[in-house]
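> What follows is a structure written as structure tokens; I'll ask about it next.
The values are calculated or read from the model by the stated rules, or taken from the named source; none is laboratory data. Owing to the predicted nature of the structure, the values given are computational and were not obtained by experimental measurement. Methodologically, a virtual Cβ is constructed for each residue, glycine included, from the backbone with ideal geometry; neighbour enumeration extends over all protein chains shown.
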Amino acid sequence: MFVGRPNSDPGRERAFKYLPPPPAGLKPPLRWGTDAGLSELLGSRANSIKSERRSFTSYFQSVDHAIDIMRRYFGSTARAFQILDAAGQASLQRDLEGLLQKRNRATDGSLVYEAEYLETVVIRS
């Protein structure tokens, strides 16, 4: 659901701040959503790398519904909720609520927001 640039991903962006840092020597996975990161990861093995920023609209019954789905099914967000104590979970919940409410385009109590992702086609050398 949330892919691409970190700021386009409410769940992942917020969740990473609550997770322990990756082991030494391991780079953050968010670089897959950047041109520089893709070039670093694939450049030496690629004949061409072409990326285009695209967007999609997500629809949920409410902000609470979206957070419930993220909490259960979306990687880093689910993991953050699993490892946090009650106070940490409440803090992450508030962070997500605030961000989603800020980005919400709906006026009827549902949640509608647009997110961006990086569509990339790589041709191997």
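> Quick check on the range 87-95. Is at least one of its residues surrounded by fewer than 16 Cβ atoms within 10 Å (Cβ to Cβ), within 20 Å of the chain's Cα centre (by Cα), under 20 Å from residue 55 (Cα atoms) and modelled with pLDDT under 95?
Within the range 87-95 (the criterion being surrounded by fewer than 16 Cβ atoms within 10 Å (Cβ to Cβ), within 20 Å of the chain's Cα centre (by Cα), under 20 Å from residue 55 (Cα atoms) and modelled with pLDDT under 95), the answer is no, since none of the residues qualifies.
> Within the range 107-125, how many residues turn out to be surrounded by fewer than 16 Cβ atoms within 10 Å (Cβ to Cβ) and either without any contact (Cβ under 8 Å) to a residue 40 or more places away in the chain or of a type in the set (D, E, K, R) (or both)?
Number satisfying all stated conditions: 5.
> Is it the case that some residue within the range 47-67 is surrounded by 11 or more Cβ atoms within 10 Å (Cβ to Cβ) and under 22 Å from residue 20 (Cα atoms)?
yes
> Residues to consider are 41, 26; find the one that is surrounded by fewer than 14 Cβ atoms within 10 Å (Cβ to Cβ), of a type outside the set (Lys, Arg) and more than 30 Å from residue 108 (Cα to Cα).
Criteria check complete, one pass: 26.
> For the range 1-18: of the residues being small (Gly, Ala, Ser) and not in a loop (DSSP other than H, G, I, E, B), which is modelled with the lowest pLDDT?
As a first pass, look at the range 1-18 and keep what is small (Gly, Ala, Ser): 4, 8, 11, 15.
If we keep only those that are not in a loop (DSSP other than H, G, I, E, B) too, we end up with 8, 11, 15.
Details: 8: 50, 11: 53, 15: 69.
So the residue we want is 8.
> Can you go through 115, 80, 106 and tell me which one is small (Gly, Ala, Ser), under 19 Å from residue 58 (Cα atoms) and within 19 Å of the chain's Cα centre (by Cα)?
Of 115, 80, 106, the one residue that is small (Gly, Ala, Ser), under 19 Å from residue 58 (Cα atoms) and within 19 Å of the chain's Cα centre (by Cα) is 115.
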